[in-house]
Structure formats: structure tokens, C-alpha cells
Amino acid sequence: MTCTIRIENLTKAFRAHGGGTTTAVDDISLQIEPGELFFLLGPSGCGKTTLLRMIAGFIDPTKGSIYFNDRDVTSTPANKRNTGMVFQSYALWPHMSVADNVAFGLKIRNLSKTEQKKQVGAALESVQMTQYADRKPTQLSGGQQQRVALARALVIRPEVLLLDEPLSNLDAKLRGELRNEIRRTCKDSGITTVYVTHDQKEAMSVADRLAILRSGCVEQIAAPADAYYRPKNKFVADFLGETNIIEGTLGVEAGGFHVETPFGNLPLPHSDCPAGSPVRCSIRPESWSLVGSEHPHALHGTVSATTFLGESTHVEAMVGERNILAMVHGRRGVTSVPEVGKPIALTADPDEIALIEA
């Protein structure tokens, strides 16, 4: 059964030490579509885990409502919501075998041993852990334990799967390997999934859509590429990776729009702002290109630093009184980037210049 999660005006305030309250989740409303892999992303303390735990039923909201399809589950106990949860700590029972850990939820539901064996086998196969069924969790690596925790959550066939920073205890290489594994497993199951993380790369590479949170509020909800190249504001732009924030004035010319800055004009494909409006742009390092000095939209500066990273070369240039970070891919970065102290001319892809809230 597919499930839509609808959250309406959800708020959670905790009583603070010494009196008063702290609002962890502040009047959030959003909808997660059936079968969607939806990420709650943000820095520590932004409210993402509190929101996830309210969806799970572990924390009661101060106000607001949570719906699974048209069913109001706001006051429904956690064990009646038909959700599967994968914790940061895995929470596997060390004295039980892998198979018994996965079967635990089925035993509580009083399924026959034959049916338990069948469903446990299918769940372990889905996470590629069939050959480890008789081992104890202490005999497994961290990545293998996480796969078992995922199988245990999926085997009960929940309406909603909830993952609370499931890869944060693993090393960087293993996290990268398991990202695709988790996405494949979740999409194959067709279960609506809510995934909490503070890792931008994890979210960008796995999510269908993501909500970026700050101080208990949602800053933006979008597909990963839209959030990255079309951030709503400076917080989102900075949080999702390196960017150049440039301020100027919107200008109009025969060929279209541009942003007038103290050190040159940047082309824009379109804008809803009137000419003369102050604007602020977010431009990712990879959106810059090296051009000839005669280019009509070239920004002229001086190279202050270069860093060769193999697949790309990072370039820092002083343009006017500000520092611009650009990234040149491939061998072009080795052969065409001017040396430190030499002049450089840059322009940005108009389709990758994002106007953000001032």
C-alpha cells in the first residue's frame, strides 16, 4: 500500500532548563508523495530528527497534524503506525542471529514460522545479506550491520520507512558505497521513505526531493539539482556547497537581462524583477568559464591561487575587491589556467546564475 505523508502546521516546543521553551520544529507544513525518497537535510540542531521522530510517533507534537494518506496519526502510538525505523546505532540484538534480528517484527505479528522464513529470506536477499543469516551482529562489519537493520525495517512491509542518519557511523568510502544500495532498496520496495542527514552529498546523490531546515523551519523544498542550482536564499546556497554570492543591480539591454556589478556585467536569461532592482546572485564554482579578454560579459581579475585536484583545478581570482572561486574540469585546468599573478577573464553560464533572496 502506497502512502502519502501530509504534515500540517507541525510545531514542537521543549521546556528549556531554567524556564521558558525552545522551539525545535516551528510550524512546518509539507507533503511527501507515495514511494518518494524524501530527505530532511540541515545542520545539527535544525529540527530534522525531532520532525522524523514525530512522524514515527516517538515524540508528541505541541500542535499541528500528521496524516498517512487520509488517516490522522497525530495521536496514534508508534507501534500502531505501521512504520519501519532504521537508527543511527543500528539497534541490533547482539545475542540473536541476523535472521532472528530480521524476524523479530514478524514474530510480534504472530506470523507462522514458514511465512517468517520466507519473508526474512526475501528481505535479506534485497540487501544482499542472505549468506550471513546465521551470523551474529558482532561478526559483521558496520556496513553489513546497517544492511541488516534496513532488512529488519523492510520485512514488516511498513507504509513508511524512516531512516535517522543511517550512514553516519561509517567511514567515508563505505558511506559512498551504501548510498546507492539504500536508494536501490528503497525504490525497489516502493515504500515512502523519510531520511534524515546532515551530509549534503548523501542527500544530493540519493534523494528524490529534499527539505532544507534551519532553526526549526523549512528554508526550501526541491529536487536536489533545483536546490543546488536554484537556491532560494544564501543559507541554502552556502549549505549545499561552495558558491559565489555576488550583489548588483538588474539591468536590461536589447539581448535580455544582466546583473550590473562594480566589476562587470553578468548575463541572465530572464528575471521577474524590474530594471534597477538590487539583486543577489549565487554562482557555483563550476558555472564559470575561462574566456578571452574581449568577451562582452567577461569579468577581469588576477589569479591569486590555483589548486590541482586531478579531475578539476580550483582557481581563486581577485576580481575588483572580491574573491571569485571557479573550477575548471579536466586537462583544460592544467593547460589553460593562468599562473598566479597573471590576468584572467571569466564569465558565468547564464542558466546557472541563480537570483536569490536579498
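The values are calculated or read from the model by the stated rules, or taken from the named source; none is laboratory data. Not measured: the values here are computed from a predicted model. Glycine gets a Cβ as well: all are built from the backbone with ideal geometry, and neighbour counts include every protein chain shown. The accessibility values were calculated without ligands, DNA or RNA, using every heavy atom of the protein model including side chains. Shrake-Rupley method; radii C 1.70, N 1.55, O 1.52, S 1.80 Å.
Worth a mention:
- Within the stretch 30-44, tally of residues that are surrounded by fewer than 16 Cβ atoms within 10 Å (Cβ to Cβ) and touching a residue at least 40 places away in the same chain (Cβ under 8 Å): 4
- The single residue among Thr302, Thr243, Thr249, Thr306 that is in contact with a His (Cβ under 8 Å, 6 or more places away or on another chain), open to solvent by 20 Å² or more (accessible area, probe 1.4 Å) and either within 16 Å of Glu357 (Cα to Cα) or in contact (Cβ under 8 Å) with a residue 24 or more places away in the chain (or both) turns out to be Thr306.
- Selection status of Ser44, modelled with pLDDT of 95 or more and under 27 Å from Val236 (Cα atoms): no
- Of all residues making up the stretch 130-153, the number that are under 27 Å from the mean Cα position of the chain (by Cα) and either open to solvent by less than 20 Å² (accessible area, probe 1.4 Å) or more than 19 Å from Cys186 (Cβ to Cβ) (or both): 9
- Residues that are assigned to a strand (DSSP E or B) and within 14 Å of the chain's Cα centre (by Cα) occur in the stretch 202-209; there is at least one.
Matching residues to (1) among the charged types (D, E, K, R); (2) within 22 Å of Lys48 (Cβ to Cβ):
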site	(1), (2)
Tyr132	no, no
Arg135	yes, no
Gln139	no, no
Gln145	no, no
Ala149	no, yes
Val155	no, no
Leu161	no, yes
Asp164	yes, yes
Arg183	yes, yes
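- Looking across the stretch 326-342 at every residue that is in a strand (DSSP E or B) and open to solvent by less than 30 Å² (accessible area, probe 1.4 Å), the one that is modelled with the highest pLDDT is identified as Ala326.
- Check on Glu247, charged (D, E, K, R), within 22 Å of Leu299 (Cα to Cα) and part of a strand (DSSP E or B): yes
- The single condition from (1) within 14 Å of the chain's Cα centre (by Cα); (2) farther than 25 Å from Phe104 by Cβ; (3) open to solvent by less than 10 Å² (accessible area, probe 1.4 Å) that Pro224 fails is (3).
- Scanning the stretch 155-168 for residues that are aliphatic (A, V, I, L, M) and either within 22 Å of the chain's Cα centre (by Cα) or over 20 Å from Arg183 (Cα atoms) (or both) gives Val160, Leu161, Leu162, Leu163, Leu167.
- Residues that are open to solvent by 60 Å² or more (accessible area, probe 1.4 Å) and assigned to a strand (DSSP E or B) do not occur anywhere in the stretch 291-298.
- Annotation for the stretch 247-269: no member residue is polar (S, T, N, Q) and within 27 Å of the chain's Cα centre (by Cα).
Quick grid of which residues meet (1) without any contact (Cβ under 8 Å) to a residue 60 or more places away in the chain; (2) closer than 22 Å to Ile182 by Cβ:
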{"residue": "Thr62", "(1), (2)": "yes, no"}
{"residue": "Leu92", "(1), (2)": "no, yes"}
{"residue": "Val98", "(1), (2)": "yes, yes"}
{"residue": "Glu125", "(1), (2)": "yes, yes"}
{"residue": "Arg135", "(1), (2)": "yes, yes"}
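- Positions within the stretch 309-325 being within 10 Å of Leu346 (Cβ to Cβ) and surrounded by fewer than 15 Cβ atoms within 10 Å (Cβ to Cβ), in sequence order: none
- Where a residue in the stretch 107-118 is without any contact (Cβ under 8 Å) to a residue 40 or more places away in the chain and its partner, wherever it lies, is open to solvent by 70 Å² or more (accessible area, probe 1.4 Å) and assigned to a loop (DSSP other than H, G, I, E, B), with Cβ under 8 Å and at least six apart: none
- Residue list for the stretch 93-105, filter: open to solvent by less than 30 Å² (accessible area, probe 1.4 Å) and either aliphatic (A, V, I, L, M) or modelled with pLDDT of 90 or more (or both): Ser97, Val98, Ala99, Asn101, Val102, Ala103
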